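The values are calculated or read from the model by the stated rules, or taken from the named source; none is laboratory data. Keep in mind that this is a model prediction, so the values were computed, not measured. With ideal geometry, Cβ positions are generated from the backbone for all residues, glycine too; neighbour counts draw on all protein chains shown.
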Amino acid sequence: MQSSDQTSACQSVALHSVTYEIRTFGDPVLKAVAEPVTNIDDKLVRLTDEMFEVMYKAPGLGLAAPQIGVQRRVFVYDIDEERKVILNPQIVEASGEWVYDEGCLSIPGLYVEMLRPKRVLVRGINLDGNQVEFEADELLARLLQHEVDHLNGVLLFDRMTADQRREAVTLYRAREGQPKDAEPYHLKLV
Ligand code: ZN
């Protein structure tokens, strides 16, 4: 997820010998349901390190593995200067309502005011293989819902109202021909 006070610097990040591209809207990998993680090994740890690098450079608050083309139920995030990784996450409970101007690294240049639950209870596994369960509110709750959506092949476009979706598709298409640093669009919830 990308916060509206983060500006997009670059979408392609060179890491060692691998170049991870942030996949954008239209790439089929973003519509696929990711597979659960069954084995925590060095390869997975390396993947999460690389995901953090891509996320910080973008910059974004959170990044799900499918966004760099890896179909695994993994996401990373950092909203309090603390690196967090969750494997096989589940939203167990959700309550309340909260509107937030939500952005996505895979839909660059578009922020959409969206109503979602304000609080969630999340369960998953950390990189040590231990089950974790915690409650989150507002921004963190929003981020967790956004990233779990990515693991299920769900994008912001799927969560918009019909009116917003029509407008968003038009704005996003118009944006495609523009420079990466062009002013982002903010779509209000009406
Ligand atoms: Zn996203």
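Can you tell me which residue in segment 154-166 is farthest from the ligand (Cβ to nearest atom), limited to those that are out of contact with any Leu (no Cβ under 7 Å at 6 or more places or on another chain), at pLDDT 90 or above and part of a loop (DSSP other than H, G, I, E, B)?
M160
Within segment 100-127, work out how many residues are more than 17 Å from L155 (Cα to Cα) and of a type in the set (A, V, I, L, M).
Going through segment 100-127 one residue at a time, the tally reaches 5.
Please find, within segment 57-81, the residue that is nearest to Q2 (Cα to Cα) out of those that are away from the ligand (no atom under 15 Å from the Cβ) and modelled with pLDDT under 95.
Among them, the one singled out is K57.
Matching residues to (1) without any contact (Cβ under 8 Å) to a residue 24 or more places away in the chain; (2) surrounded by 15 or more Cβ atoms within 10 Å (Cβ to Cβ); (3) farther than 19 Å from K31 by Cβ; (4) of a type outside the set (F, W, Y):
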| residue | (1), (2), (3), (4) |
| --- | --- |
| S106 | no, yes, no, yes |
| Q131 | yes, no, yes, yes |
| F134 | yes, no, yes, no |
| E147 | no, yes, no, yes |
| E167 | yes, yes, yes, yes |
| L171 | no, yes, yes, yes |
| P184 | no, yes, yes, yes |
| L187 | no, yes, yes, yes |
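Under 6 Å between Cβ atoms, which residue pairs at least 6 apart in sequence (or on different chains) link something in segment 12-28 that is acidic (D, E) with a partner that is modelled with pLDDT under 90 and surrounded by 11 or more Cβ atoms within 10 Å (Cβ to Cβ)?
What qualifies is E21/S12.
With respect to the numbered conditions (1) of a type outside the set (V, I, T); (2) touching a Cys at 6+ places or on another chain (Cβ under 8 Å); (3) under 21 Å from D80 (Cα atoms), which one is the sole condition not fulfilled by K180?
Answer for K180: the failing condition is (3).
Can you tell me which residues in segment 99-141 are among the aliphatic types (A, V, I, L, M), in a strand (DSSP E or B) and away from the ligand (no atom under 13 Å from the Cβ)?
Correct list: V99, L115, V120, L121, V122, I125, V132, A136.
Working only within segment 31-51, note down all residues that are more than 13 Å from the ligand (Cβ to nearest atom) and either under 12 Å from the mean Cα position of the chain (by Cα) or among the β-branched types (V, I, T) (or both).
Answer for segment 31-51, where residues must be more than 13 Å from the ligand (Cβ to nearest atom) and either under 12 Å from the mean Cα position of the chain (by Cα) or among the β-branched types (V, I, T) (or both): V33, V37, T38, I40, V45, T48.
Identify all residues within segment 18-41 that are in contact with a Ser or Thr (Cβ under 7 Å, 6 or more places away or on another chain) and in a loop (DSSP other than H, G, I, E, B); write none if there are none.
If the condition is that a residue be in contact with a Ser or Thr (Cβ under 7 Å, 6 or more places away or on another chain) and in a loop (DSSP other than H, G, I, E, B), then I22, R23, T24, F25 are the ones that fit.
Against the definition (more than 13 Å from the chain's Cα centre (by Cα), of a type outside the set (G, A, S) and in a loop (DSSP other than H, G, I, E, B)), how does E82 come out, yes or no?
Criteria met by E82.
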